[in-house]
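Participant: One structure, pasted below without further comment.
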Amino acid sequence: MLFIYFCTEKLFFHIIIFMVSTSDYVVSALRLIGSIGLLLFGMKMMSEALQKLAGSGLRHILAKMTSNRLSGILTGMTVTAAVQSSSATTVMTVSFVSAGFLTLSQAISVIMGANIGTTLTAWIMSLGYNVDLTDFVFAAFTLGIAFIYRRRYRYVGDLLFGLAFMLLSLVALSQTGKSMDLAHNESVVSFFASFETDSYPAVIIVLIIGTLITCIVQSSAAVMAITILLCSTGVLPIYLGIALVMGENIGTTATANLAAMGSGTNARRAALAHLLFNVFGVIWILCVFYPFVDVVCELAGYDPQAGGQSAQLPIVLAMFHTCFNVTNTLLLVGFVPHIERLVCRLIPVREQQSTSEPHLKYIDLGLIRTPEIAVLQAQKETGEYGLHVNMMFDSARRLFSTTSEKTFTELFDLIENKEDLSDKVEIEIARYLEKVGAGHLSDDTKQKIHQMMRVISELESIGDACHNLARICYRRRQTNLPLTNEQVSNLESMMTLCGDALSLMCEMLNGHIEDYDIQRSYEKENEINLMRTRLKSENIDNINAHRYNYQQATIYVDYINELEKLGDYIINVVEARFGK
């Protein structure tokens, strides 16, 4: 009995020891995961706050500052440094290309700049391992709270809160790395020691591991944080740490490529250009890997052969990240046209879809990343919808005046098909806006979505009015009921006024609203209403004077009423766009 008791007590003691040691690892692992999660949350919060602050101005910044390659690179650097995420900048750029706000050539320049701008994140992380950022964290939180409680500046507060969370995560990562004491963990040390640092196969294996991890995590910042943590503890040799960083550069392109899948041709081309740019950079750096790393280490004042000085390794990683991306950009900036031609050859233009199916030109569901970008795409698509109903009206005018049976049949069928397509396009845009509206939106964005919902509803009504005009023409042809020359002339004049109003509406939908004078639309609407009143009054007089019969008068008034409704729908679109 005593023996059994002794054995049981000893076994229980070992279990307790195991649980204590295991719990230490579990706590450390949870702290590490939590710190990285906090880092990603802070960066996401900063990115979204900046985009809400910029709103539509972000589009104008990118459009105006990308007139040449140099300005495009500087723009990409600036935006990425601000949002602290090259993935966010790249997805924004791909979205703008898809929506037609940027050309492919401009997008490639911005992406090059984004690769340089993202190196600031590595420098901030390296700073977190060498400087106590705690005071900055509390200062950012304090200012953030002050701004958040002032509704007008709440997005500035969100930006500061995101910055505070990011800095807090770096403090937590640094403390976690010290508490884990990986340098004295035999299993971890032996694992990394199994890789030969002076062997190219080992470098390539670690590079592939870095690429795969970044593709899975969807954040190069998270993998960079882990790399800096491992290097700063002295566990991961600098050559292998840099190999991980190179893998991150390839893996980070997965975000934009996944977002562009199923999107427009130009969106997929821009995403592919990002991948090719980074892959080429990794290929040439592998050819001069050891000399290049030694030069970077010398610039940072670190001797890779001597070892030690683990506190300097985060700076070496940040230095390499910067030198690599800057050099890669300098090498390829002159080849932007060639990269553009290559991606155009690799991704040819898709065949046009059947006109019977709704085809959204600028909206890509896979690219909903932030509501502000999505609203810009929806505005562009709404402008395209306006052009669609304008073409319907042009077809209805031709239908009214044609005498050919064949032409009449072709035009009538065309209008019916376009009306069906118009209904489907309205539903697709509305669904897209509903998805956008499900996110956290600024007041300005909410207002824009509400306005666009009204706009597409009124545009669909314009399509219905055009279809009704076609049906009146069909009924008149079936009954073989001619109109007088005066009636035809009056209706053609009223159609001209409606056509002018539609043209102004399309100009407003496809241009800058601040450049549009709404009074021009009001004047056209007033002219249409005055003509409607005059023609109806004259119609009664003409019936009483027996200039034409009651059936002719009825179909004549049907035309007038439908054209007047069309004019109302047009002004409704304009007012909805202006938020009236």
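The values are calculated or read from the model by the stated rules, or taken from the named source; none is laboratory data. The structure displayed is predicted, hence computed values, not measured ones. Positions of Cβ are generated from backbone atoms using ideal geometry, with glycine treated the same way; all protein chains shown enter the neighbour counts. We work out accessible area using only protein heavy atoms, side chains counted, and drop any ligands, DNA or RNA first. Shrake-Rupley method; radii C 1.70, N 1.55, O 1.52, S 1.80 Å.
Participant: Given the options 438, 430, name the one that is open to solvent by 70 Å² or more (accessible area, probe 1.4 Å), at pLDDT below 90 and within 27 Å of residue 575 (Cβ to Cβ).
Facilitator: Values: 430 fails: open to solvent by 70 Å² or more (accessible area, probe 1.4 Å).
Step by step, each of 438, 430 is checked, and only 438 is open to solvent by 70 Å² or more (accessible area, probe 1.4 Å), at pLDDT below 90 and within 27 Å of residue 575 (Cβ to Cβ).
Participant: Let me ask another. Find all pairs meeting these conditions: Cβ atoms under 6 angstrom apart; at least six residues apart or on different chains; first residue within the range 380-407 and without any contact (Cβ under 8 Å) to a residue 24 or more places away in the chain and of a type in the set (S, T, N, Q); second residue surrounded by fewer than 19 Cβ atoms within 10 Å (Cβ to Cβ) and in a helix (DSSP H, G or I).
Facilitator: Matching pairs, first to second residue: 402/408.
Participant: Looking at the range 157-171, can you tell me whether even one residue there is open to solvent by 70 Å² or more (accessible area, probe 1.4 Å) and either modelled with pLDDT of 65 or more or more than 39 Å from the chain's Cα centre (by Cα) (or both)?
Facilitator: Step one: of the range 157-171, the residues open to solvent by 70 Å² or more (accessible area, probe 1.4 Å) are none.
No, there is no match, as no residue in the range 157-171 is open to solvent by 70 Å² or more (accessible area, probe 1.4 Å) and either modelled with pLDDT of 65 or more or more than 39 Å from the chain's Cα centre (by Cα) (or both).
Participant: Which is of a type outside the set (Phe, Trp, Tyr), modelled with pLDDT of 85 or more and open to solvent by 20 Å² or more (accessible area, probe 1.4 Å), of 294, 303?
Facilitator: 294
Participant: Of all residues in the range 267-295, how many are touching a Pro at 6+ places or on another chain (Cβ under 9 Å) and farther than 21 Å from residue 317 by Cβ?
Facilitator: Matching residues across the range 267-295 total 0.
Participant: Separate question: For the range 528-580, what are the residues that are closer than 17 Å to residue 508 by Cβ and exposed (fewer than 15 other Cβ atoms within 10 Å of the Cβ)?
Facilitator: Those that are closer than 17 Å to residue 508 by Cβ and exposed (fewer than 15 other Cβ atoms within 10 Å of the Cβ): 578, 579, 580.
Participant: Examine the range 543-556 for a residue that is within 54 Å of the chain's Cα centre (by Cα), among the β-branched types (Val, Ile, Thr) and in a helix (DSSP H, G or I), and state whether such a residue exists.
Facilitator: Yes, that holds for at least one residue.
Participant: So residue 519 fits all but one of (1) more than 30 Å from residue 425 (Cα to Cα); (2) free of Cβ contacts under 8 Å to residues at least 60 places away in the same chain; (3) assigned to a helix (DSSP H, G or I); what number is the exception?
Facilitator: Single failed check for residue 519: (1).
Participant: Another question, if that's okay. Mind checking whether some residue in the range 442-456 is open to solvent by 50 Å² or more (accessible area, probe 1.4 Å), over 43 Å from the mean Cα position of the chain (by Cα) and not polar (S, T, N, Q)?
Facilitator: no
Participant: Residue by residue through the range 206-238, note down the ones that are hydroxyl-bearing (Ser, Thr, Tyr) and part of a helix (DSSP H, G or I).
Facilitator: 211, 214, 220, 227, 232, listed by residue number.
Participant: So for the range 497-516 (the condition being touching a Leu at 6+ places or on another chain (Cβ under 8 Å) and farther than 24 Å from residue 385 by Cα), does at least one residue qualify?
Facilitator: No, because not a single residue in the range 497-516 is touching a Leu at 6+ places or on another chain (Cβ under 8 Å) and farther than 24 Å from residue 385 by Cα.
Participant: Among the residues of the range 389-403, which ones are in a helix (DSSP H, G or I) and either farther than 21 Å from residue 486 by Cα or among the hydroxyl-bearing types (Ser, Thr, Tyr) (or both)? Before you say what the answer is, go through the steps one by one.
Facilitator: Just the residues of the range 389-403 that are in a helix (DSSP H, G or I), to begin with: 389-401.
Correct list: 389, 390, 391, 392, 393, 394, 395, 401.
Participant: Going through the range 60-100 one residue at a time, which ones are at pLDDT below 70 and in a loop (DSSP other than H, G, I, E, B)?
Facilitator: 65, 66, 67, 84, 85, 99, 100
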